[in-house]
Amino acid sequence: AKREVWNQVNTVLQDSESVLADLQAYKGAGKEIRDAIQNPSDMQLQEQAWNSVCPLVIRLKKFYNFSLRLERALQSLLESLTCPPYTPTQHLEKEQALAKQFAEILHFTLRFDELKMRIPAIQNDFSYYRRTISRNRINNLNLDIENEVNNEMANRMSLFYAEATPMLKTLSTATTNFVTENKTLPLENTTDVLSTMASVCKVMLETPDYTSRFNSEDTLLFCMRVMVGVIILYDHVHPNGAFNKSSKIDMKGCIKVLKEQPADNVEGLLNALKFTTKHLNDESTPKNIRTMLQ
């Protein structure tokens, strides 16, 4: 049964690198859009902009669809890693291959969102597409794209890309839904898996004995992204969040470990903690933790 889950998730993870490469190569149609807007009566420029934007919108749809596949994969892993009779720690020890996949999903998610934050063209291109499609219907311009991205799909994509960290938001919602839908499963089963993974990553990052064994900076970044990812999920599903004194995650220690890394490596991660968590600004969050994240 576990192999079946592993295979299912593996199929999704195999496509993750090409999604990232595609996103990294995303150039946007800024120039064509500007030219079209500045010369509204020049039909040739309107067509050029439209023809530049359409393939980009299809690429954005591919990313959005991938987020749905990732959501399903995450829920399968959560089911496997939280089901009775084992404790979360036993699960993580017995099913290391699934725990590693869980970590890989988070690693991908934070890399995707870090890249997306640096590409303002995505939202500009998409809003131009939405503004133009209704105008083009009136002018009977090439509308084959509507078979690919109809109005309902455009609405869903619009909500997805409006998020600063769309993939993390997808996973946070998926984890929250998982907890809500599995009412008979104790909440601790889920939150303990997340807090245990956060502790493992923190210990690996702050122990020179371990970090000296890392073959490359990538391993370090992997641990940092996974740690931040599980903190964010924990903060979304635990009623008191991750920053509370009663939290099973040593937030002070986790932030300290991040702050000790080169600023370029952690800026996106600290921003994710600031902007994608739910409870950071709660009154119960200790002042020193809030100060550390300012």
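The values are calculated or read from the model by the stated rules, or taken from the named source; none is laboratory data. These figures come from a predicted structure and were not determined experimentally. Backbone-built Cβ (ideal geometry, glycine too); neighbour counts: all protein chains shown. With ligands, DNA and RNA removed, areas are computed over all heavy atoms of the protein, side chains included. Shrake-Rupley method; radii C 1.70, N 1.55, O 1.52, S 1.80 Å.
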Return the calculated 222 nm mean residue ellipticity for the chain, to the nearest 500 deg cm²/dmol, obtained by summing -39500 (n - 2.57) across DSSP H runs with n ≥ 4 and dividing by the residue count.
-> -24500 deg cm²/dmol
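How big, in percent, is the set of alpha carbon pairs in region 66-147 lying more than 17 Å apart? If you can, show how the numbers build up before the last one.
Numbers: 2161 of 3321 pairs.
Pairs farther apart than 17 Å: 65 percent.
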Let me have the relative contact order for the chain, percent, based on Cα pairs under 8 Å that are six or more residues apart.
-> 18 percent
Would you kindly find the accessible area of SER41, with a 1.4 Å probe and non-protein molecules such as ligands, DNA and RNA excluded, rounding to the nearest 10 Å²?
-> 110 Å²
Looking only at lysines whose Cα falls under 30 Å of LYS287's and that sit 8 or more positions away or on another chain, we get LYS169, LYS202, LYS245, LYS248, LYS252, LYS256, LYS259, LYS274, LYS278
The simple spin-label model distance between ARG156 and THR219, using points 7 Å out along Cα→Cβ, in nm, is 4.0 nm
J(HN,Hα) series, region 256-273, from Karplus relation 6.51 cos²θ - 1.76 cosθ + 1.60, nearest Hz, glycine and proline x = 4, 4, 5, 5, 7, 8, x, 3, 4, 6, 10, 4, x, 6, 5, 4, 4, 5
Pairs of lysines in region 1-123 (C-alpha under 17 Å apart; 8 or more residues apart or interchain) | 7
Separation of alpha-carbon centers, region 7-54 and region 70-97, rounded to whole Å = 37 Å
If you take the beta carbon distance between TYR210 and ARG135 as r and set R0 to 41 Å, what does 1/(1 + (r/R0)^6) give as a FRET efficiency, to the nearest 0.05?
-> 0.10
Under a point-charge model restricted to the Cβ atoms of Lys and Arg (+1) and Asp and Glu (-1), what is the dipole moment magnitude of region 186-293 relative to its Cα centre, in debye to the nearest 20?
-> 280 debye
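Go ahead and run the numbers for FRET between GLU283 and GLN123, Cβ-Cβ distance against an R0 of 25 Å, rounding to 0.05. It would help to have the intermediate numbers written out before the result.
On the way: r = 33 Å, r/R0 = 1.33.
About 0.15, to the nearest 0.05.
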Most packed first (mean Cβ within 10 Å per residue), the peptides 62-68, 279-285, 108-114 order as 108-114, 62-68, 279-285
Leaving out ligands, DNA and RNA but keeping every protein chain, what accessible area does LYS248 have, in Å² rounded to the nearest 10, with a 1.4 Å probe?
-> 120 Å²
Given the options LEU233, LEU98, LEU115, state which has the largest fluctuation in a GNM of the chain using a 10 Å cut-off (strictly under) for Cα springs.
-> LEU115
Counting pairs of alpha carbon atoms under 8 Å apart in space and at least six apart in sequence, what relative contact order in percent does region 186-293 give?
-> 28 percent
What does the accessible area of THR180 come to, in Å² to the nearest 10, when a probe of 1.4 Å is used?
-> 70 Å²
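Counting pairs of alpha carbon atoms under 8 Å apart in space and at least six apart in sequence, what relative contact order in percent does region 52-172 give? Could you put the intermediate results ahead of the total?
Numbers: 65 pairs, mean separation 50.8, N = 121.
Reported as a whole number, the value is 42 percent.
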In bins 10 Å wide, starting from 0, what share of all Cα pairs of region 1-138 does each bin hold, as a percent?
-> 11, 33, 23, 17, 11, 5, 1
For volume of the Cα convex hull per residue in Å³, several values are listed as [x] 261; [y] 154; [z] 136; flag the one computed from this structure.
-> [y]
Tilt relative to the chain, helix 187-206 - C-alpha long axis, 0 to 90 degrees, to 10 | 90 degrees
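For region 186-293, what is one quarter of the convex hull surface built on the Cα atoms, given in nm²?
Values: hull surface 25.9 nm².
Dividing the Cα hull surface by four gives the mean projection, 6.5 nm².
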